[in-house]
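Reading through the structure tokens given below for one structure.
The values are calculated or read from the model by the stated rules, or taken from the named source; none is laboratory data. Just so it is clear, the model here is predicted, and its values are computed rather than measured. Quick reminder, even Gly has a Cβ in these numbers, built from the backbone with ideal geometry, and neighbours come from all protein chains shown. When the accessible area is computed, the model is the full protein with side chains, heavy atoms only, and any ligands, DNA or RNA have been set aside. Shrake-Rupley method; radii C 1.70, N 1.55, O 1.52, S 1.80 Å.
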Amino acid sequence: MVERWGITLPQSATDLLNAPSGVITPSDPRLSRTTNVVVAAPSQSLDAAAIRARAAGLDAIILGDALEGEARNLARAHAIEALELRGRITNRTVLLSGGECTVVRTGTGVGGPNAEYCLALALALGGSTGIYALACDTDGVDGAAEVAGAYVHPGTLGKAEKVGLDALAMLENNDAHSFFAALGDQIITGPTLTNVNDFRAVVIEPRPV
């Protein structure tokens, strides 16, 4: 891997990697008294959220703890799923997911994968009633700003229009943090001192009969 990517290492590291016993294998006796314990994992955050949601009377669906890909594409997929579910469910339902989304930055704005997910989700939902969402980085920092993420509600696009914001143009400029800052819909937690990737929740209310 070092050679493949042309990584320059200190001589001490190169000597260690090239030494016959430099890399410790799982059977190495030096590991006989070693125990590894996972104290925080993405799955745990989603399981805890599902427990809280069910205690509050919601149905909870965990979509996965390792979802990846372009943030706006994942948002559009979740919007389609939420809109489809709204016509079938009879109880408030929350879709939970984790993982690390990415953003291919082509604009000059300030954003992060969670805020961009939320902006793309709002556009994909088009102001549909009965659907609310949030997306945050669990360490409290989403991309290039000291902001954990943002939240979306049925009035997001209308609220933006009233203050003169072009949601689609701001998404194309990767300026999601500026968008939600102008609306006052950012989520700011400060440093959480842990990081179990991104956290997303989409709450869906049943369609009125």
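Couple of notes before you dig in:
- Residue, modelled with the highest pLDDT, within region 69-109, restricted to residues that are open to solvent by 20 Å² or more (accessible area, probe 1.4 Å) and under 19 Å from D47 (Cα atoms): R92
- Scanning region 176-198 for residues that are closer than 24 Å to N73 by Cβ, open to solvent by 30 Å² or more (accessible area, probe 1.4 Å) and either touching a helix residue (DSSP H, G or I) at 6+ places or on another chain (Cβ under 6 Å) or part of a loop (DSSP other than H, G, I, E, B) (or both) turns up Q186, N195, N197.
- I51, sole failed condition from (1) open to solvent by 80 Å² or more (accessible area, probe 1.4 Å); (2) out of contact with any strand residue (DSSP E or B) (no Cβ under 9 Å at 6 or more places or on another chain); (3) among the β-branched types (V, I, T): (2)
- Unmet requirement for L46, which otherwise passes all of (1) out of contact with any Asp or Glu (no Cβ under 6 Å at 6 or more places or on another chain); (2) in contact (Cβ under 8 Å) with a residue 40 or more places away in the chain: (1)
- Matching residues, region 1-44, being touching a Leu at 6+ places or on another chain (Cβ under 9 Å) and at pLDDT 85 or above: L9
- Filtered residue count, region 75-125, keeping only those that are touching a Pro at 6+ places or on another chain (Cβ under 6 Å), under 23 Å from A53 (Cβ atoms), in a loop (DSSP other than H, G, I, E, B) and of a type outside the set (S, T, N, Q): 1
- No other residue among F179, F199 is among the aromatic types (F, W, Y) and farther than 30 Å from A41 by Cα apart from F179.
- Selection status of E146, open to solvent by 50 Å² or more (accessible area, probe 1.4 Å), over 16 Å from the mean Cα position of the chain (by Cα) and of a type outside the set (G, A, S): no
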